[in-house]
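Notes to accompany the following structure.
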């Protein structure tokens, strides 16, 4: 096992027992029922204390010093590495191993969206410089011909890199065109789902790893209680109205019971359902704009129209973004009407990837898989 979690003083303390010896606790005099009485405050280790500690550790990964990592790609790399370390810590955490690759693929999508926004901006600015030059000096103006030739070349190069058709519209007063705004929405929703899922699932694994199944059963229902504490706020970017923090889901308990029983395949399936249905579905896949954009992206990729706009919906079980042709890339399919927001279609895709991941652990691809997970764990994923 590798070092995965931080050590905390409460790690070896008994649940529902005092965490400080009574002799070391402060004794003070208070007035109670009209008379002076000596009171000793004895701190007790409760389920809420454990959840607050483990939740804070997950938060420190994505929000060091309490500040959320502003760059979604950098935050994604931190999440990928944490998932990978979970699997390296305990290979029974097979869902986490698969999640390291799935989250890495989210990072690839973030880069694609951000790069597309930037390339559209570069083309617009190059076109604007060319127009302004011609407006100021006219065409084929003596003394400006070489400069205008350079500007025309720059524009053609920027136009060739622009991933969208030339027909785009930028509303007056807006910094981004409509297509850029669409890319930005997909980018932001993917980052939101990635962060929310991590903040939900990582503390569950740490609780089980440190406290065991018995205490997880006792305390799972108490997790919801730590939200809204005035002194210890919980980082929950998806919003309590959209998705209640820490809600009890039976799939979570079933997943860790399966891990305890050695049924790793069942644990992956239970956690995959929790991930997709309980967290990501309400967090992002019920957003109508995102659903429409995902459908359009998949149809565009399958049909090839418009060319160069869409990114494939796929999962590659390596540390890189590019697909490979040796069976380690799992695609969503070639039906242009397929819908990633449909939980049944999405679960079939996830379980197909889970099956391939499990197969690789027992065939000649295991060493390559382990190398990729180690690269992700060290922050070296080639996004």
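Quick note: the coordinates plus some simple rules give every number you see, no bench work behind them. Remember, predicted model here, so these are calculated numbers, not experimental data. Here the Cβ is made from the backbone with ideal geometry for all residues, glycine too, and neighbour counts use every protein chain on show.
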* Go through 108-120, 320-332 and give me the packing order, highest mean Cβ count within 10 Å leading. => 108-120, 320-332
* To do: Give the relative contact order (percent, whole number) for segment 9-377; include only Cα pairs under 8 Å separated by 6+ residues.
  => 18 percent
* Between residue 231 and residue 250, what is the label-to-label distance in nm when each label sits 7 Å out along the Cα-to-Cβ direction? -> 3.8 nm
* To do: Could you please state, rounded to a whole Å, how far the C-alpha centre of segment 195-209 is from the C-alpha centre of segment 214-272?
  => 8 Å
* **Rounded FRET efficiency, nearest 0.05, which uses the C-beta distance separating residue 160 from residue 3 and R0 of 51 Å** => 0.60
* Among 169, 357, rank each residue by its count of other Cβ atoms within 10 Å, from fewest to most, as a rough exposure measure. => 169, 357
* To do: Pop a pseudo-label 7 angstrom from the Cα along the beta-carbon direction at both residue 344 and residue 217 and give the gap in nm to one decimal.
  => 3.4 nm
* To do: State whether segment 75-135 is rounded, prolate or oblate according to the following rule on the C-alpha gyration tensor (a ≥ b ≥ c being the square roots of its eigenvalues): a/c under 1.5 gives rounded; otherwise a/b larger than b/c gives prolate, and the remaining case gives oblate.
  => prolate
* Asked: FRET efficiency for residue 176 and residue 132, Cβ-Cβ distance as r, R0 = 25 Å, nearest 0.05?
  -> 0.75
* Ordered by packing density, taken as the mean number of other Cβ atoms within 10 Å over each peptide's residues, highest first, how do 279-291, 225-237 rank? -> 279-291, 225-237
* Asked: How high is the FRET efficiency from residue 364 to residue 320, r the C-beta distance, R0 22 Å, rounded to 0.05?
  -> 0.65
* To do: Output the peptides 83-91, 150-158 sorted from most to least packed, where packing is the average of other Cβ atoms within 10 Å over each peptide's residues.
  => 83-91, 150-158
